[in-house]
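Colleague: One structure, pasted below without further comment.
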Amino acid sequence: MLADSSNDLNWTVLLPVVAGGLAVWYMLPSTKRRPMVFGALAGLIALAGLAAFLVSGFGEKIPQTVEAGLFFGFSGLAVVFATLMITGRNPARSALSFAIVVLSTCGLFLLLAAPFLMAATIVIYAGAIIVTFLFVIMLSQQEGPSNADLRSRDPDLAVVAGFVLLAALLVGLERVYDWRNVDSAIAHAQSLADAEQVNGDYLSPLPPMENMGNPIPLTKKAEEFLGEMRTALGRVKVAAPRTADDRRLTDHRLVQEIENAITGLEMWAFKHHDVEAIHTNCETIAKGLTRLKNLRNGSATFEDVVRSEHGEVKTIGNGPKQLPAANVSAIGRTLFSDYLLAIELAGTLLLVATVGAIAIARRERKTS
Amino acid sequence: MISLPHYLAVGAVLFVLGLIGFLTRRNLILMFLSAELMLQGVALNFVAFSRAHGNLHGQVFALFIIAVAACEAGIALAMFLMLYRKKRSLDISLWQALRDPGVEETRDTVPLPAEPKEEPLPVLATSGIEPARKERDYA
């Protein structure tokens, strides 16, 4: 899906990535003493850039609701304290920062309608795991400056690698979830299909009599229109096998129809002022793109999917996708029906880990 | 409503920060905390997908992540205690004899900066006559 799309890169992704990389690099422990002000400044710029990217990047307007406020608050807290955690010189403080990261993530879980998971994470992570960490930190306390806390291994390379990965992830997310150019293409095609009279800018001027045999060039506006349609089609097209037993027949047929309509516009309709053909072709393009877009973002389902002969295929209904309100009982039902074996294995794993931890940490006593 | 990609982006940021922490820090405990931070980012992704698809499988996966993280924490912390008893330090570079063949040894050439000297506590100047001390008072 990504290979075919040629929409421009959203450069707002650069600000959070570059500023964040600088901030983390600057704040990582090193033998040089650095004033923390610059690191904090770069970190603030990066946070603001990330917020701007989240607000504008995915093409949907964020409503000004309490949910949005809580989302930005919790994720900001999580990111800030995660940075403080990985850059801290004092392991005990890092562990406490991690506790705050876990609590903020729990807030996000609550926003995502997962109250049981939120409670479990608070109890197990913030309660048990971090307290164990603090015990170990206490048991292995070191006096004075130590190599472990005041030096880092290859901070330049690690920061570059990490933030290149982050940029790739953010750009990938944007390419997958940003439907703006498809939407505008659909609107454009629909406006042409609905227009009583086609705007003269789209139509090639008829050649004078003596040039009758030569090919007629397209106008600039028409070429732009066709390019926009091709980009949008590339965005919704999936590189799928095109054999006869392809299960996504609708899909393939739609793509072919749109391609034929674009070719028809290019070869005939715009050049020969065929308003009827322009209307039908644009109608086909708009309808096909809308249908393909709904298939891609999951708001519609395939109609003629071939069911397997081994029984009914589970389908997700067409209605609004909602989680059950009784979260705990629903999770319990899922765990003990779909994941029964997995949960038994997880229990066994916990038991084995307990035995192993005791066996490892046991102090060998000399019996003499 | 905040849509799926926003949560995925936050999860990606947490994951990348954890990755950087794991690669750069030399304290065993910090490295382990960074790994847990990566797991948090992944769990956030799972829960966000669970919400987007309208079923609970993502949340179940996040629960399994928590279970595995608890096992990891138990075992790893026990191992850290053993390692600390052997070398009296949590520095991972002390164990670099275990590295792959062909990898260069890490040598710390630049000395660590000196600890900033703490200001001595203020001492009151003696004035007046010192009272006579009697040994038996302390007995």
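Colleague: Nearest 500 deg cm²/dmol is fine: what mean residue ellipticity at 222 nm does chain B get from its DSSP H runs of n ≥ 4 alone, each adding -39,500 (n - 2.57), divided by its residue count?
Modeller: Values: 3 runs with 78 residues, N = 139.
Helices in chain B give a 222 nm mean residue ellipticity of -20000 deg cm²/dmol.
Colleague: While we're looking at this one, here's another question. Could you tell me which of the pairs A:Lys237/A:Lys271; A:Lys32/B:Lys87; A:Lys61/A:Lys220; A:Lys221/A:Lys287; A:Lys61/A:Lys293; A:Lys61/A:Lys221 are separated by over 24 angstrom between their Cα atoms in the structure shown?
Modeller: Numbers: A:Lys237/A:Lys271 27 Å; A:Lys32/B:Lys87 26 Å; A:Lys61/A:Lys220 32 Å; A:Lys221/A:Lys287 22 Å; A:Lys61/A:Lys293 18 Å; A:Lys61/A:Lys221 29 Å.
Going by Cα-Cα distance, A:Lys237/A:Lys271; A:Lys32/B:Lys87; A:Lys61/A:Lys220; A:Lys61/A:Lys221 fall outside the 24 Å limit.
Colleague: Now for a separate question. So for chain B, averaging the separation of alpha carbon pairs under 8 Å that are six or more residues apart and normalising by length, what relative contact order in percent results? Present the calculation step by step, with values, prior to reporting the outcome.
Modeller: Working: 90 pairs, mean separation 25.8, N = 139.
Reported relative contact order: 19 percent.
Colleague: State to the nearest 20 debye the size of the charge dipole of the stretch B:4-93 about its Cα centre, where the only charges are +1 on K and R beta carbons and -1 on D and E beta carbons.
Modeller: Details: 7 positive and 3 negative charges, 81 e Å.
In debye, rounded to 20, the stretch B:4-93 gives about 380.
Colleague: Placing +1 on the Cβ of each Lys and Arg and -1 on the Cβ of each Asp and Glu in the protein assembly as shown, which of A:Ala114, A:Ala42, A:Leu28 has its Cα farthest towards the positive end of the resulting dipole?
Modeller: After comparing all options, I get A:Leu28.
Colleague: Taking one equal scatterer on every alpha-carbon of the protein assembly as shown, how large is log10 of I(q)/I(0) by Debye at q = 0.08 1/Å?
Modeller: Summing over Cα pairs of the protein assembly as shown leads to -0.69.
Colleague: Using only the alpha-carbon atoms, how far is helix B:57-87 inclined from the longest principal axis of chain B? Give it as 0 to 90 degrees, nearest 10.
Modeller: 30 degrees
Colleague: While we're here: Please rank A:Thr354, A:Thr284, fewest neighbouring Cβ atoms within 10 Å first, as an exposure proxy. Working shown, then result.
Modeller: Values: A:Thr354 14, A:Thr284 20.
Ranked by crowding around the Cβ, least crowded first: A:Thr354, A:Thr284.
Colleague: Roughly what angle does helix B:4-24 make with the longest principal axis of chain B, taking Cα atoms, 0 to 90 degrees, to the nearest 10?
Modeller: It is inclined by approximately 50 degrees.
Colleague: With the Cα gyration tensor of the stretch A:11-177 giving a ≥ b ≥ c as the square roots of its eigenvalues, does the rule (a/c under 1.5 for rounded; else a/b larger than b/c for prolate; else oblate) give rounded, prolate or oblate? All intermediate terms of the calculation are to be shown ahead of the outcome.
Modeller: Numbers: a/c = 2.33, a/b = 1.21, b/c = 1.92.
Verdict is oblate for the stretch A:11-177.
The numbers here are math on the coordinates, done by the rules we state, and not lab data. Quick caveat: nothing in here was measured; it's all calculated off a predicted structure. Every residue, glycine among them, receives a Cβ derived from its backbone with ideal geometry; neighbour counts consider all protein chains shown.
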